[in-house]
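The values are calculated or read from the model by the stated rules, or taken from the named source; none is laboratory data. For clarity, every value in this text was computed on a predicted model and none was experimentally measured. Cβ: placed from backbone, ideal geometry, glycine included. Neighbour counts: every protein chain shown. Please note that ligands, DNA and RNA were not included when accessible areas were found on the heavy atoms of the full protein model with its side chains. Shrake-Rupley method; radii C 1.70, N 1.55, O 1.52, S 1.80 Å.
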Amino acid sequence: VIAVLTVAVATGAQAQLNRVAEVKLDGNSNISTEVIREVLAIKVGDEFAEEDVEADVAAIKEMGYFSAVTADHTRRHDGVVVVFHVTENALVTKVSIEGNKEVPSEKILEKVELKPGRVLHSGTVEKDVARLEEFYRSEGYLGKIVDVEIKGGEFVYHVQEAVIEDIQIEGLKKTRPFVVTREMKSKPGQVFNAKLLGRDLNKIFNLNIFEDVTWDQRPGAEVGKVIVTVQVKDSKRTGMAAVGIGFSSRSELVGFADLDEINFRGKGQKAALRMEFGDRKSWATSFFEPWVDQKHTSAGIELFDRLIYREPTGVFGGGLSDNSVFEERRKGGRLSFGRPKSDTVSYSIRLKNEKVSF
């Protein structure tokens, strides 16, 4: 009986020595021990196994807050003591942006997950880079994070905003290139912005002299520069000519000729001439220059000598009598000037001098 009891006690003591008596953490200062223990599978009282320690080392690494994780163990009278040694990532003390010109740093930093006072989490920088480049695209820019500089706990995101190297116009036949480029706020040397370019193309299309207007961009000769290509379909008919002849009991033989051009000489100018001849002689001519100076001042002039037949109506409508019909001749001219205040608001003034006779 004594021999059997001795063997049982020895076996129990050996089993106790192979159990985990204590789990320690060493090297953490900003990440609390309790937070790390939550990912550990090893508990006091468990049977010690090397593979369990290796699994917990991997679990601590996956937390993302440590640059190195190791473990060792020692045996004492009551079991195995397991110690995990960790090396924390840098404590973030400052985050800044450099290289940005168009987008304010404050607006960029709102999108950055990396914040001062936090331990660097592995993968955060990579996610920030992807997030910032996507943010630039959403704002219409081509922004690239070319470098992340780390000085101790200071992190500097270096941004490169793509600059327009050149703007090329393709598809022009009749229209002069400056008619297109003067409508554009996008200029070589400026930071590329797709939203601004889209508004530029709307203004070009609204000239009503092109069938279609599109754009494309490709890398420039230097890194960080792009070449913008504006493609126009310059096949739309911008002029109109019409002639006609007619006869009526009142006017007898009447003829007319109309000429109208909204892209005169390929300069985006508007010119028109209308003539009526025969018993009813009248004429009108006009000219409009959309760009007089660099401030986009426009000017127009119209001269006319028109003959108009009038038939007054009574108080309750309807003609009065045949002999109430009269001729109204209007001679004179009109001057107009305009200037835009913004993309949606403009000012204009019109001066008119007219002599009316009956």
Carbon/sulfur fraction of accessible area - the chain, other protein chains in place, 1.4 Å, %: 54
Grab the range 185-241 and count how many Lys pairs have their alpha-carbon atoms under 21 Å apart, sequence gap of 8 or more, or different chains. 11
Around N202 (Cβ within 12 Å, Cβ-to-Cβ, excluding N202; K/R +1, D/E -1) the net charge comes to +1
Would you check the accessible area of L40, probe 1.4 Å, heavy atoms only, in square angstrom rounded to 10? 10
Of the range 171-209, those with amide N under 16 Å from the point 7 Å along the Cα→Cβ vector of D343 are 182-187, 191-207
Which whole-angstrom value gives the distance between the alpha carbon centres of the range 88-110 and the range 35-82? 36
To the nearest 10 degrees, how steep is helix 50-62 against the longest Cα principal axis of the chain, on a 0 to 90 scale? 30
Helix-only CD estimate at 222 nm, as mean residue ellipticity for the chain, using -39500 (n - 2.57) per DSSP H run (n ≥ 4): -6000 deg cm²/dmol
Förster radius 56 Å - calculated FRET efficiency between A242 and R218 (Cβ-Cβ, nearest 0.05): 0.80
Among GluC sites (Glu not before Pro) in the range 82-188, those in a DSSP loop whose Cβ has at most 12 other Cβ atoms within 10 Å are E110
Quick one: angle between helix 2-17 and the longest Cα principal axis of the chain, in degrees between 0 and 90, rounded to 10, please. 30
Descending accessible area (1.4 Å probe), largest on the left, turns S348, S342, S249 into S249, S348, S342
Quick one: work out the % antiparallel among DSSP beta bridges in the chain, nearest 5. 85
What net charge is computed for the residues neighbouring S67, neighbours being all others with C-beta under 11 Å from the C-beta of S67, Lys and Arg scored +1, Asp and Glu -1? 0
Options (i) 4, 14, 14, 13, 11, 9, 8, 7, 6, 5, 4, 2, 1, 1, 0; (ii) 5, 22, 30, 27, 15, 2, 0; (iii) 5, 24, 32, 24, 12, 3, 0 for P(r) over Cα pairs in 10 Å bins from 0, in percent; the value derived from the coordinates is listed as (i)
Qualifying trypsin sites (Lys or Arg not before Pro) in the range 139-187, DSSP loop, other Cβ atoms within 10 Å at most 16: K173, K174, R182, K185
Counting Lys +1, Arg +1, Asp -1, Glu -1, what net charge surrounds A284 among other residues with beta carbon under 14 Å of its beta carbon? +4
Which angle between 0 and 90 degrees, to the nearest 10, do you get for helix 194-205 versus the longest principal axis of the chain when only C-alpha atoms count? 10
Give the total of Lys-Lys pairs in the range 95-170 with Cα-Cα distances below 19 Å; include a pair only if its members are 8 or more places apart or on different chains. 10
Looking at the square roots a ≥ b ≥ c of the eigenvalues of the Cα gyration tensor of the range 123-279, which shape do they give, rounded for a/c under 1.5, prolate if a/b is larger than b/c, or oblate? prolate
Using the heavy atoms of the protein chains alone and a 1.4 angstrom probe, what is the accessible area of the chain per residue in square angstrom? 61
Under the 0.36 nm per residue contour assumption, what length would be gained going from the current alpha-carbon distance of R350 and E211 to full extension? 46.9 nm
Between L91 and T33, what is 0.36 nm times their sequence separation minus the Cα-Cα distance? Round to one decimal in nm. 19.2 nm
